[in-house]
Each structure stands twice: as C-alpha cells, then as structure tokens.
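Here's the structure, in structure tokens; my notes come after.
The values are calculated or read from the model by the stated rules, or taken from the named source; none is laboratory data. The structure displayed is predicted, hence computed values, not measured ones. So basically every Cβ, Gly included, is an ideal-geometry build from the backbone, and we count neighbours across all protein chains shown. Please note that ligands, DNA and RNA were not included when accessible areas were found on the heavy atoms of the full protein model with its side chains. Shrake-Rupley method; radii C 1.70, N 1.55, O 1.52, S 1.80 Å.
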Amino acid sequence: MSRPLLHSIALAGIITVTCTSHALAHCFVGARFLPATLATDDPCVADELSLPTVAWSKTGDFPPASELDISGEISKRITENFGVSIGQNWTSIRQADGTLTQGFSNFETTFQYQVLKDREHELAILAGLIVDWGRTGSTGSGLATNYSLVTPTLYFGKGFGDLPSDFSWFRAFAVTGQVGYQIPTTSFDFTQNAFVPQQLVYGASLQYSMPYLKSEIVDLGLPDFINHLIPIVEMSLTTPVANNFGNPYTTTGTVNPGVIWVGSYFQIGLEAMIPINRDSGTGVGVLGQLHLYLDDMFPSTIGQPLFGGTSSTRKLTF
Amino acid sequence: MRILTLATTLFFAFVTADAARAHAFLDHAEPRVGSKVTTAPTEVALFFSQNLEGAFSSIEVSDANGARVDQGKAKISASTMRVGVKPLPPGTYKVRWQVLSKDTHATEGNFSFTVGP
C-alpha cells in the first residue's frame with residue numbers, strides 16, 4: 001500500500017472518528033436548546049437521526065488527495081437517561097494520480113448515559129462509550145481495521161443564561177465539549193506493520209443562539225430566518241498519547257466555523273473545515289448535515305424511550 | 001449516492017407523516033421580550049410555535065423584588081397563553097413560563113420587560 005494512501009486512510013479514520021461518532025441529541029436543558037453539533041457531540045441522549053452527514057476535504061498528502069465522507073447515524077433512547085447510537089461511514093479517496101479507494105469504515109455504536117441535567121444552570125453532562133467494531137467495514141481497501149476501538153468519553157454542555165442580566169446579550173452563548181480516550185484492541189497492526197496508538201479524542205464548540213436571544217434576552221424584531229440560526233465554531237482534535245513508537249505525537253484536527261439552522265422537526269448545519277496543521281489536511285474542507293428530531297416527528301411511537309415512558313410529561317413546577 | 005437518496009426520501013416521509021407536533025418554542029411576546037414600554041400593560045401574552053396543553057402550562061410575572069404581580073391562572077387558547085397583571089408601576093418585571101405542547105413535549109423559559117418613561 002502506498003504511503004499517500006496510508007496517510008489518506010489515517011486521515012479518513014480521523015474524520016470518521018470526529019464526524020460519525022457524534023450522536024444526535026435533541027438537547028433541552030432548562031430554557032437552553034443545544035443543537036446537534038456536526039464535528040463533536042452534544043451532551044444529551046435523544047431519539048434522532050442524522051442522515052446524511054457529508055464531508056469533503058483534501059488530505060495532507062503530497063500531492064493532496066480528495067476525500068469524500070458520507071455517513072449516517074441513528075440514536076435511540078432505551079430508557080429516559082440511557083441511549084444507544086449506531087452509525088456507519090462511507091469514504092471515497094481520490095489520489096492526485098486518479099487512484100480511487102472507496103469503502104465503509106467499521107460499524108460504530110455509542111452507549112450514552114445522561115449523568116446530569118441542571119435546568120437552572122443550563123448544564124448537561126453525559127458519559128459515553130464509543131465502540132468501533134473491527135472487521136465490520138472494508139478492511140480490504142484499508143478503510144477499516146481488523147481491530148476494534150473503544151473510547152470512553154465524557155461530554156458536557158453549558159449555557160450562560162444563568163449569568164446576571166447585566167451580561168445581556170452575552171447570555172446567549174453556550175459551550176459544549178467532549179474528551180475521550182481511544183483504546184485499540186490491539187497494540188500492533190501486522191497488516192500495516194505499525195504500532196496502533198492510544199489517542200486522546202477531544203473537541204468543543206462555542207455557539208451563539210439567536211433563538212435564545214429572541215425568546216430569553218431581547219426580541220430585536222429580526223427576520224424569522226435569522227431567529228432560527230445558531231452561529232457556531234467547533235474544534236475537533238486527536239492526539240496520540242501512548243504506544244506510538246517511531247511516530248510523532250502530532251495533534252491533528254480541524255477548526256470548523258459555521259452555522260446551524262434550527263427548525264421544529266429538523267436542523268441543517270454547514271461548516272468550513274480548517275485543518276490546524278499540514279498533517280490535518282490541505283486547504284479548507286466543507287461539512288454539512290441534515291439532522292431529524294425523531295422525538296418531535298413521532299412523539300408517541302419511536303420518539304419515546306423503549307422503557308420507562310415519556311420524559312416530556314414531567315411534573316411542572318408551577 | 002444511495003445514502004443521499006435514502007436521506008431525502010426519509011426526510012420528506014417523516015415531515016409529511018406527522019408534521020403537526022413538536023416542542024413549543026416562544027415565537028414572540030407582548031410586551032416584547034427585553035423591551036421597555038412607556039404604558040403599563042394590563043396583561044402579558046405569549047405566542048408559541050405549537051398548540052398548548054392548558055392543564056400543564058403556566059406563566060408567572062413578578063417584580064424586581066420577586067413579588068407576584070400576575071392575576072393568577074393563565075388563559076390558554078391554541079398556541080397563545082395570556083395572564084392579566086395588576087397595575088404595574090415603573091420597574092423591571094420578570095416573566096417565567098412553562099408549557100406542554102399537545103404532543104406532551106415540555107419547554108420553559110423566562111425573560112424581562114421594563115415599564116418606564
């Protein structure tokens with residue numbers, strides 16, 4: 001296998017981790033709605049479908065290859081606070097010489113438990129376990145591995161609506177983030193003749209909610225389309241931290257400025273993908289996603305947890 | 001490209017299948033969220049994006065000291081919730097609301113408005 005192709009496949013793996021492992025929660029915490037983010041995950045379990053997520057970028061190879069990723073993921077609450085997501089990613093890499101490599105990444109599942117939702121402080125914390133199952137993708141093309149990846153991950157989200165009213169418009173800001181430790185089920189890949197590193201997989205988002213500004217702080221009478229927008233900057237990074245003998249411990253990833261339009265039943269997100277260094281890619285890529293709120297579309301059927309009834313009919317406090 | 005086709009199909013199937021239910025977002029309010037009004041309102045009205053379940057929706061208006069200034073139970077009609085308020089002297093007032101949409105999704109929020117010259 002050529003070095004550029006290996007490089008491309010490694011980057012495809014990074015993009016797969018950062019784009020498809022991220023679940024799709026319809027996330028309300030008090031008055032705050034945290035949208036499903038594209039490159040990182042939001043801190044809630046929910047019943048949702050992200051289909052498709054499409055990413056296009058150029059790899060860090062010399063010369064760079066063109067890469068297209070198309071993925072889908074569905075999230076389902078098993079109980080009120082426990083959910084499972086399953087996802088799959090298809091990748092196409094075209095080298096500068098026209099060589100084309102296509103195939104599926106390994107099948108991915110994510111188990112998530114809602115640890116905390118503090119409505120007053122707009123704070124949510126979620127614990128998760130991401131598993132990429134080995135030998136479930138296109139191992140022959142090199143786009144999937146023979147081994148599995150297990151990534152315990154902690155997610156958080158915090159809105160700033162609890163700040164004093166003196167902060168005014170600043171209260172529409174929110175941050176989300178996640179930190180995971182990725183552990184491969186093997187330490188050495190004999191097909192690649194390389195060590196398989198353990199990695200820190202982490203990211204964050206800074207978002208400004210125009211819906212929150214309008215309904216909680218000040219209604220400026222802006223056009224309806226503007227009032228549904230959430231400008232956002234995401235950052236998604238991966239750093240090898242162990243078992244990386246002979247390779248540099250270089251952090252790779254992207255910073256993604258973009259915007260999410262939020263409707264009643266779905267949201268649409270579009271972001272630019274700016275690589276943080278040459279190893280992370282060449283030039284600016286594009287990431288887009290259509291995300292469906294199954295709990296709003298089918299509130300009495302698949303939009304409910306499988307066990308434990310509905311979360312929505314909670315006792316109101318006044 | 002099959003995924004794109006599937007996504008498009010699912011999207012339109014889902015939206016047309018059950019497109020009358022969702023979380024109720026606050027669309028606008030009178031007095032307007034964050035506004036300053038020179039004439040004291042006699043009621044606060046909230047207009048939502050979905051129809052409401054009256055038995056589980058409520059609104060509370062309080063002054064800067066936290067004292068209730070609303071006149072009790074809200075009147076709910078379709079997607080609108082109204083509550084009368086006592087005569088309001090100049091000052092800042094806080095509106096807290098919780099609603100249940102017809103499909104049993106709960107949402108909540110709060111905002112302020114000011115009465116003054």
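Sort the range A:222-280 into rounded, prolate or oblate with this rule: let a ≥ b ≥ c be the square roots of the eigenvalues of the Cα gyration tensor; rounded if a/c is under 1.5, and if a/c is not under 1.5, prolate when a/b is larger than b/c, oblate otherwise.
Judged from the Cα gyration tensor, the range A:222-280 comes out prolate (a/c at least 1.5, a/b above b/c).
Note on the range A:16-149: with neighbouring protein chains present and a 1.4 Å probe, carbon and sulfur make up 62 percent of its accessible heavy-atom surface. Scalar couplings 3J(HN,Hα) for the range B:55-67, obtained by applying the Karplus form with A = 6.51, B = -1.76, C = 1.60 to θ = phi - 60°, are 5, 10, 10, 8, 9, 9, 10, 9, 8, 5, 8, x, 7 Hz; x denotes Gly and Pro.
Our coupling estimate for the range A:242-250, obtained by passing each phi through the Karplus curve with A = 6.51, B = -1.76, C = 1.60 and θ = phi - 60°, is 7, 6, 10, 4, x, 10, x, 8, 8 Hz, Gly and Pro reported as x.
Protein heavy-atom surface of the range A:171-297, 1.4 angstrom probe: 70% of the accessible area is carbon and sulfur, with nucleic acids and ligands not counted.
Taking all protein chains together, A:Phe28, A:Phe111 sort by accessible area into A:Phe111, A:Phe28, largest first [probe 1.4 Å]. Toward the positive end of the charge dipole of the range A:116-177, with +1 on the Cβ of Lys and Arg and -1 on the Cβ of Asp and Glu, the farthest Cα among A:Gly159, A:Ala174, A:Gly140 is that of A:Gly140. Between the alpha-carbon centres of the range B:46-117 and the range A:35-99 there is a gap of 41 Å. Taking 0.36 nm per residue of sequence separation and removing the Cα-Cα distance, the A:Asn193/A:Phe245 pair yields an extension gain of 17.5 nm.
Here chain A is treated with +1 on each Lys and Arg Cβ and -1 on each Asp and Glu Cβ, and its dipole about the Cα centre works out to around 280 debye. Note that chain A presents 39 Å² accessible area per residue, ligands and nucleic acids not counted, probe 1.4 Å.
Can you tell me the convex hull volume per residue for chain A, based on C-alpha atoms, in Å³ to the nearest whole number?
134 Å³
A straight line joining the Cα centroids of the range A:248-301 and the range A:189-215 runs 11 Å. For the modelled label position 7 Å from the Cα of A:Asn277 along Cα-to-Cβ, which residues of the range A:239-267 have backbone nitrogen atoms closer than 11 Å? Only A:239-240, A:248-253 pass the distance filter. Between helix A:3-20 and chain A there is an angle of about 20 degrees, using the helix long axis and the longest principal axis of the Cα atoms. In this simple spin-label approximation, A:Thr109 and B:Ala45 carry label points 7 Å from Cα along the Cα→Cβ vector, and these lie 5.3 nm apart. The label-point distance for B:Ala55 and A:Arg135, in a model that sets each label 7 Å from Cα toward Cβ, rounds to 5.6 nm.
For the range A:139-224, relative contact order (Cα pairs under 8 Å, six or more residues apart, normalised by length) works out to 28 percent. When only the Cβ of Lys, Arg, Asp and Glu is charged (+1, +1, -1, -1), the dipole of the range A:81-148 relative to its Cα centre reaches about 200 debye. Amide H of A:Gly203 versus every other amide H placed in the peptide plane: which residues, excluding those fewer than 5 positions away on the same chain, fall under 5 Å? For A:Gly203, the qualifying residues are A:Gln178, A:Leu237.
The amide H of A:Phe266, built 1.01 Å from its N in the peptide plane, has A:Tyr293 as neighbours under 5 Å, considering only residues 5 or more places off or on other chains. Cα-based values for the range A:21-145, radius of gyration first and Dmax second, are 17.1, 57 Å.
When the charge dipole of chain A is built from unit charges on Cβ atoms (+1 for Lys and Arg, -1 for Asp and Glu) and taken about the Cα centre, the candidate among A:Gly281, A:Thr37, A:Phe111 whose Cα reaches farthest toward its positive end is A:Phe111. Considering helices alone, the calculated mean residue ellipticity of chain A at 222 nm is -2500 deg cm²/dmol, with DSSP H runs of length four and up weighted by -39500 (n - 2.57) and normalised per residue.
Here the spin labels are modelled as points 7 Å beyond Cα on the Cα-Cβ line, and at A:Trp56 and A:Ser92 they lie 1.0 nm apart. For each pair in B:Lys36/B:Lys86; A:Lys158/B:Lys86; A:Lys158/B:Lys75; A:Lys158/B:Lys102; B:Lys73/B:Lys94, compute the distance between the two Cα atoms and list the pairs where it is over 25 Å. Correct reply: A:Lys158/B:Lys86; A:Lys158/B:Lys75; A:Lys158/B:Lys102.
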